[in-house]
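In what follows, a single structure is set out as structure tokens and then discussed.
All of the numbers you see were taken from the coordinates with simple rules; none came from a lab. Since the model is a prediction, treat every value here as computed from it, not as a measurement. Cβ: placed from backbone, ideal geometry, glycine included. Neighbour counts: every protein chain shown.
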Amino acid sequence: MGIVSLTNMLKVSCFFMAMLPFFAAAESCRPELHGDIEIKSNSILIEQNNNRFRIEPNGNLYVDVHRVSLSDAQKASLTAYSERVRADLPYFSKSLSDELQTSWRALDGVLAAELGEQSSLRGEFGQFHQHLQRSVVASFYGEDHSPQLNHKALTHAVRELEASLPQLIATVSSRGLMDIAALSAGQNNRMEFISKKMATLQDKLANEVRVQRNRTVEVRQELCSRLGVWQERESEISELIPALKGWKTVTVR
């Protein structure tokens, strides 16, 4: 028989990158985050380079505790930006959580159909999915449940995902093989059954990966588009307001 080839298992690993469409789609964009954002009492709080900015709904700006004198045009630019952030943060969080859930259910359905409801592989992938969901929540909501963007937490979650891929590949190979071996009990030719079952599992997982990546294209594009607007407006504000010279929370490449 033999262990499933690494080449085939790499096809499966693509699913996990699809599970975080916010970062996964290099063909759309690769956002780089630079600072933390919180929403408190409808004000936008931004932490960057040991500086703390507060943008109030009416466009007033505070650097630490000091109010910055602004023109009507400057206030209008900050008001529009704060409205955009207040709308986008909950959207980002919900979109990522929903995409994780939908993609996970699709893959889990394949595993359940091919390996059985009690598959140990389903259990391990389920635990990983729950861990990813908790990471998304921690990145976008504070302990008091207020919206935020914790850029270090989100970046850490993505790096953890990328570092976990080799382990996940090995897990699919070993755990999937164990599940299929258990299913082969009572078969006249167990080796042939195991070989065909593993090939079928590989094909169905690879097909589901493609389906999920195609399904999430529109969401990935929307996320990139919204972050692109952040970048454009932050660049404009940086030029318009000297106190925010050089300020940016995201770079979209």
With label points built 7 Å along Cα→Cβ from the Cα atoms of residue 222 and residue 155, find their separation and express it in nm. 2.7
For residue 65 and residue 207, calculate 0.36 nm times their separation in residues minus their Cα-Cα distance, and state this gained length in nm to one decimal. 45.6 nm
For the range 200-253 versus the range 102-158, the gap between their alpha-carbon centres in whole angstrom: 20
Residues with beta-carbon under 10 Å from that of residue 151, excluding residue 151: net charge, scoring Lys, Arg +1 and Asp, Glu -1? -2
Quick one: what are the phi-derived ³J(HN,Hα) couplings along the range 232-249, Karplus 6.51/-1.76/1.60 with θ = phi - 60°, whole Hz, x for glycine and proline? 4, 5, 5, 5, 5, 5, 4, 7, 7, 10, x, 5, 10, 4, x, 7, 6, 9
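Which order do the peptides 178-189, 213-224 come out in when sorted by mean C-beta neighbours inside 10 angstrom, highest first? Write down the numbers at each step before the final one.
Numbers: 178-189: 13.7, 213-224: 16.9.
Per-residue Cβ counts within 10 Å, averaged per peptide and sorted highest first, yield 213-224, 178-189.
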For 195, 41, 93, ascending order of other Cβ atoms within 10 Å (fewest first) is 41, 195, 93
Estimated inter-spin distance, residue 117 and residue 199, nm [label 7 Å along Cα→Cβ]: 3.0
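Taking 0.36 nm per intervening residue step and subtracting the Cα-Cα distance, what contour gain separates residue 214 from residue 32 on full extension? Show your work: numbers first, answer last.
On the way: separation 182, 0.36 × 182 = 65.52 nm, distance 2.33 nm.
Gain on stretching residue 214 to residue 32: 63.2 nm.
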